[in-house]
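The values are calculated or read from the model by the stated rules, or taken from the named source; none is laboratory data. On a predicted model such as this, the values are computed, not experimentally measured, just so you know. In this analysis, Cβ positions are derived from the backbone assuming ideal geometry, glycine residues included, and neighbour counts consider all displayed protein chains. Note: accessible area is taken over every heavy atom of the protein model, side chains too, but ligands, DNA and RNA are not part of it. Shrake-Rupley method; radii C 1.70, N 1.55, O 1.52, S 1.80 Å.
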Amino acid sequence: MVDYNQVLKEIHEEVTPVLSQGRVADYIPKLASVPADKFGMAVHTLDGDIYTTGDARENFSIQSISKVYTLTLAMTYIGEEKLLARVGREPSGTPFNSLVQLEYENGIPRNPFINAGALVLVDIILSHCRDAADTIRSFVRERADNPNIDFDPEVAASEKDTGFRNAAMANFLKSYGNLHNPVEAVLDTYYHQCALRMNCIDLAKSVMFLANHGVSPWSGKQILTRSQAKRINSLLLTCGTYDAVGDFAYRVGLPGKSGVGGGIAALIPEKLSVSVWAPGLNPNGNSLAGTLALELFTTKTGMSIF
Ligand code: GLU
C-alpha cells in the first residue's frame, strides 16, 4: 500500500528548491503576475480517495490542458476516423504554435495538441452545438464534478489581444478548407477554453474517466468507448507535453497534458490520476518543478504505465 500523503510530502520538500528556476509565462499580464513559488499537487485514486499537498485548492489558468476535453468532445461528435482525416497523430517536434509544418503538410495539423490541431477540434465542436464555449465549460464541470469552474474573462480577453499567431494559424487552416466555421468564432472559443480556471483537485478528477477506460468512476457515465480512451491516452503520451514528449515519457512514464499556466494532468489507467501546478516553465513550456514532481511520484511509488 502506497502512503500517498508521505509521498506527496516528500515531493513537495524536494521540489521547493527548484520552484524559482522555471520561467513563468509572460505573454499576458495575468499569467506573468502569478508567483513562481506556488506549488500544488493532487492524487485521485480509482476508489475515490484524494490526496493533496501545497496549493492544490488554488485556481490557475489551465491553458492547453483544456485540449484534452476538446479532443474528447470532438471524438464523441465525429468518431476517430473522421477526426484523423483532419488532424494527425504524430508528435510534431516543433513548438506548439509553429506555423511551418502546417504549410508543407497541407493544412493538416500533426496532432490534436498543437495549437493548429486544437483549433480544428474547436471547429468540430462548433459544428455540433450552438454554444461551443458553454458546451466545453459544462463538460469540464461535469468531469470535475464542480459546477463552479469557469473561464477567467481577463485571460480570455488577453489571449485575444495577443493571439496574432493563433489568428494566423486559424486563417491558414481556413485557406486549406480545414475550418468549416468562421475564423473569429473558432478563435473566440479557443481563447475561452485556454482561460478555464481550475485547481489541482478539479484537474485530477476531470481526467479520471481516462484512467477508467472512458467511464466516469463516480457517475458510471460512459464518456468514451474503451478503445477511444486508449487512443486519447496514447496521444497524451506521444504528443501531450509539447516538443519535450520524449523527455517527459522517459522521466515520468505517464500519459499527460501540460499547459503554459504551469499545470500538468497525468494518469495511470486502472489506478489513479495525478495533477500538479508549479508556474515556472522549462524552455519547452512544461512546468519545470511539475515535471520533476511527477518524475519523483513515479519513482517513489514505483508506478507508471510501464
Ligand atoms: N493560450 C496560449 C496559446 O494558445 C498557450 C496555450 C498553451 O500551450 O498552454 O498560445
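For the reader, a short list of remarks on this structure follows.
- In the set (1) away from the ligand (no atom under 16 Å from the Cβ); (2) in contact with a strand residue (DSSP E or B) (Cβ under 9 Å, 6 or more places away or on another chain), the condition left unmet by residue 107 is number (2).
- Sole exception among (1) touching a helix residue (DSSP H, G or I) at 6+ places or on another chain (Cβ under 6 Å); (2) free of Cβ contacts under 8 Å to residues at least 60 places away in the same chain for residue 265, by number: (2)
- For region 189-196, the criterion of being among the hydroxyl-bearing types (Ser, Thr, Tyr), open to solvent by less than 60 Å² (accessible area, probe 1.4 Å) and over 15 Å from the mean Cα position of the chain (by Cα) is met by at least one residue.
- Criterion violated by residue 154 - all others in (1) within 16 Å of the ligand (Cβ to nearest atom); (2) closer than 28 Å to residue 88 by Cα; (3) not polar (S, T, N, Q) satisfied: (2)
- Verdict on residue 142 being under 25 Å from residue 78 (Cβ atoms) and either out of contact with any Leu (no Cβ under 9 Å at 6 or more places or on another chain) or touching a residue at least 40 places away in the same chain (Cβ under 8 Å) (or both): yes
- Selection from region 79-112 of residues that are in contact with a Pro (Cβ under 9 Å, 6 or more places away or on another chain) and either crowded, with 21+ Cβ neighbours inside 10 Å or assigned to a helix (DSSP H, G or I) (or both): 83, 86, 87, 92, 101, 102, 110, 111
- Residue count for region 172-182, restricted to those that are surrounded by fewer than 18 Cβ atoms within 10 Å (Cβ to Cβ) and either part of a loop (DSSP other than H, G, I, E, B) or within 15 Å of the ligand (Cβ to nearest atom) (or both): 5
- Residue in region 133-147 that is among the small types (Gly, Ala, Ser), within 25 Å of residue 232 (Cα to Cα), touching a helix residue (DSSP H, G or I) at 6+ places or on another chain (Cβ under 6 Å) and part of a loop (DSSP other than H, G, I, E, B) present: no
- Taking each residue of region 102-125 that is at positive phi and looking for partners that are aromatic (Phe, Trp, Tyr) and in a helix (DSSP H, G or I) with beta-carbon atoms closer than 9 Å, six or more apart or interchain, yields 107/172.
- Unmet criterion (only one of (1) modelled with pLDDT of 95 or more; (2) among the aliphatic types (A, V, I, L, M); (3) within 29 Å of residue 283 (Cα to Cα)) for residue 83: (3)
- Only one entry in 227, 234, 287 is within 16 Å of the ligand (Cβ to nearest atom) and of a type in the set (Ser, Thr, Tyr), namely 287.
- Check on residue 40, under 23 Å from residue 196 (Cα atoms) and touching a residue at least 12 places away in the same chain (Cβ under 8 Å): yes
- First in region 159-173 and in contact (Cβ under 8 Å) with a residue 40 or more places away in the chain, second anywhere and near the ligand (Cβ under 10 Å from one of its atoms) and open to solvent by 60 Å² or more (accessible area, probe 1.4 Å), Cβ under 8 Å, 6 or more apart: 162/27
- Residues (within 16 Å of the ligand (Cβ to nearest atom) and not hydroxyl-bearing (Ser, Thr, Tyr)) located in region 187-199: 187, 188, 192, 193, 194, 195, 196, 197, 198
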